[in-house]
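In what follows, a structure is listed as structure tokens, so that the remarks can point back to it.
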Amino acid sequence: GQGADQDYHLEQVTDWPEGNLQLGQVSGLALDSDSNLVIFHRGDHHWDLDSFDGRARYQHRSLGPIQQSAILVVDPAKGRILKASGRNMFYLPHGITADRDNNYWVTDVALHQVLKVSSDGRDRTLLALGEAFTPGSDSSHFCQPTDVAIDPHTGNVFVSDGYCNARILKFSADGKYLSQWGAGSLDRRQRARFQIPHSLAFLSDRREVCVADRENGRIQCFIADTGEFVKEIKKEEFGGKVFAISYSPAGDGLIYAVNGDSPYHSAPLRGFVINYTSREILDTFSPKRKQDFKMPHDLVGGPDGSVFVGDAGSEEVFKFSAEKSHRSV
Ligand SMILES: O=C(N[C@@H](O)C(=O)O)c1ccccc1
């Protein structure tokens, strides 16, 4: 806000990361249980217009899985690589989250699967939901699933499904299907169906799950236990597309979001800090060189109020930290 008060503004930390992480398209970011940053990227694979046929079937299986380490753990302070894993198992990485036992839950839009993978470097697949390379929309198939969020209280697993479905599914920690919402019957206040539910955030202090309803340019939040619609956050400033959200319980509860590029370039690409309760935009942020944001694709709040943004276009991760800014009256 204006006035002589000091308020915080997120600025890019331009010398982060210290080294070259040699990333491909960055699709997902997470914070692990040691508060290190987990980066999920596509190595030398790319999602482009000929990656799928008209029935959402992946066209490049013959290329085999990504041989680079698709999962990198870096320290939030310097961006140094602490662990590298996820070789020879993914085709088109998308979302990632870490559970309280520090296992990774990921989605792969080419596999149409959600995988629970060990973080011990042995890449053990502890659970697989969906059938490899087989799109579908029943309770045991997904169609280009985009993200996973975990309720730390119950261990329940929420899946946003996806580019070619329009629903959120809920599973138990051991993978038993529990429920879904968003696809068919509409809660009247939810208004339109989802159009690419693209990113999930679990609000642990409120027991709600929020979704970035990408092509509707809105964020919608639901009661985790019932799926009941709670609220929608839709802003002109988003410019019609919300690509990703993340949540911090700090203060009244903060939703971090990034918007995306609309065909008519209606709004600049940037990050937003939104007060969950008031729905007010508290801050916006973007790289010092604006054009460095090409396709901001996921974001996660860091351990000390910093925010990390992964970009699938510039194949980079950006760090932003809260600088005191003295505003003149
Ligand atoms: O949105 C798309 N991709 C990004 O979200 C991503 O790379 O995850 C996309 C959609 C259709 C064709 C090609 C790319």
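The table below lists the values:
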quantity	calculated
Three-way shape label, the stretch 213-261, alpha-carbon gyration tensor, a/c 1.5	oblate
Accessible surface, the chain, averaged per residue in Å² (probe 1.4 Å)	42 Å²
Residue 218 long-range amide H proximity, modeled H, under 5 Å	213, 242
The stretch 1-74: trypsin sites (Lys or Arg not before Pro) in DSSP loop, at most 10 other beta carbons within 10 Å	55
Phi to ³J(HN,Hα) by Karplus 6.51 cos²θ - 1.76 cosθ + 1.60 over the stretch 81-95, Hz, x for Gly, Pro	6, 9, 9, 9, 8, x, 8, 6, 9, 10, 10, 9, x, 9, x
Whole-angstrom gap from the stretch 145-167 to the stretch 76-129, using each part's C-alpha centre	15 Å
Volume per residue of the C-alpha convex hull in the chain, rounded to whole Å³	130 Å³
Computed E for residue 46/residue 132 - FRET, C-beta separation, R0 22 angstrom, nearest 0.05	0.60
Estimated FRET transfer efficiency when R0 is 25 angstrom, pair residue 264-residue 288 (beta carbons, to 0.05)	0.45
Accessible surface of the stretch 100-147, 1.4 Å probe, proportion on carbon and sulfur as whole %	42 percent
Convex hull of Cα atoms in the stretch 1-131, direction-averaged projection (nm²)	11.1 nm²
Cα-centred dipole magnitude for the stretch 148-254, charges only on beta-carbon of K, R (+1) and D, E (-1), debye, nearest 20	320 debye
Prolate/oblate/rounded call for the stretch 133-237, Cα gyration tensor, a/c under 1.5 rounded	oblate
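The values are calculated or read from the model by the stated rules, or taken from the named source; none is laboratory data. Computed from a prediction, not measured in an experiment: that's the story for all the values here. All Cβ positions, glycine included, derive from the backbone under ideal geometry; neighbour counts span all protein chains shown. Accessible surface areas use protein heavy atoms only, side chains included; no ligands, DNA or RNA. Shrake-Rupley method; radii C 1.70, N 1.55, O 1.52, S 1.80 Å.
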